[in-house]
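Only one structure is covered here, and it is reproduced in the block below.
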Amino acid sequence: MKRLFLILCFLIGISGYPATAAEILSVRRLNVENGLSYNTATCCLQDSYGFIWIGTENGLNRYDGCNNRIYRSSNHKHSLGNSHIKTLAELDQELWVGTENGIYIYRHASDDFSHFDITTQFGVIISSEIRKIVKTHNGLMWIATIGPRALYLQSPNKHNETGLRMELLHQRHLRRRGRPCLCTFAPERIDDI
């Protein structure tokens, strides 16, 4: 009898849940008419502060649940250098923004951007279109670009003032028996990436 009573209480309790959840949840459509910089999003990310970042062909949008702020390219030193946003990633509470012309890093504390101009071991600066930035669980950042030098690896290094080391991975490292593959220069297995 006690068991039947508990089951009955449980069923009565959850029967009101869907109606309550529907009242709590609401969906708001973002578009140009209500503040989005462009109607087509190219990428989206929710950062560790809770902001939703939406990249478009006409700027970067920061949505806080109520308001939308747009960041675009301008002549200001600490703005985005390009408004065509391709990809987003977060590393150490900094937003990495991949554009048609390189990477820009957003810092919450100063509410501005800096150009990512770390050079590779061959003196190459990433200045082409960024297709993807991926952070691995072990802190590595893989940066894929368009062009002959298409894949970069950013990793911690204590020998550099910035704490970053960029490596350019040549095409010969990306092929095995004539087929494309991905190789790492670390003892970790490929599925650890």
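What is the calculated FRET efficiency for Arg29 to Tyr49, with r their C-beta to C-beta distance and R₀ = 30 Å, to the nearest 0.05?
Numbers: r = 23 Å, r/R0 = 0.77.
After rounding, the FRET efficiency stands at 0.85.
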Exercise. Could you run the Karplus curve 6.51 cos²θ - 1.76 cosθ + 1.60 with θ = phi - 60° over the range 39-56 and give me ³J(HN,Hα) per residue in whole Hz, x for Gly and Pro?
Key: 6, 10, 8, 9, 6, 8, 7, 9, 8, 5, 8, x, 6, 9, 9, 10, x, 9
Quiz item: How much of the accessible area of the range 24-147, probe 1.4 Å, is carbon plus sulfur, in whole percent?
Solution: 48
Quiz item: What ranking, highest mean first, results for peptides 92-98, 38-44 when packing means the other Cβ atoms within 10 Å averaged over each residue?
Solution: 92-98, 38-44
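The values are calculated or read from the model by the stated rules, or taken from the named source; none is laboratory data. On a predicted model such as this, the values are computed, not experimentally measured, just so you know. Here Cβ is always computed from backbone atoms with ideal geometry, including for glycine, and neighbour counts include all displayed protein chains. All accessible areas refer to the heavy atoms of the entire protein, side chains included, with ligands and DNA or RNA removed. Shrake-Rupley method; radii C 1.70, N 1.55, O 1.52, S 1.80 Å.
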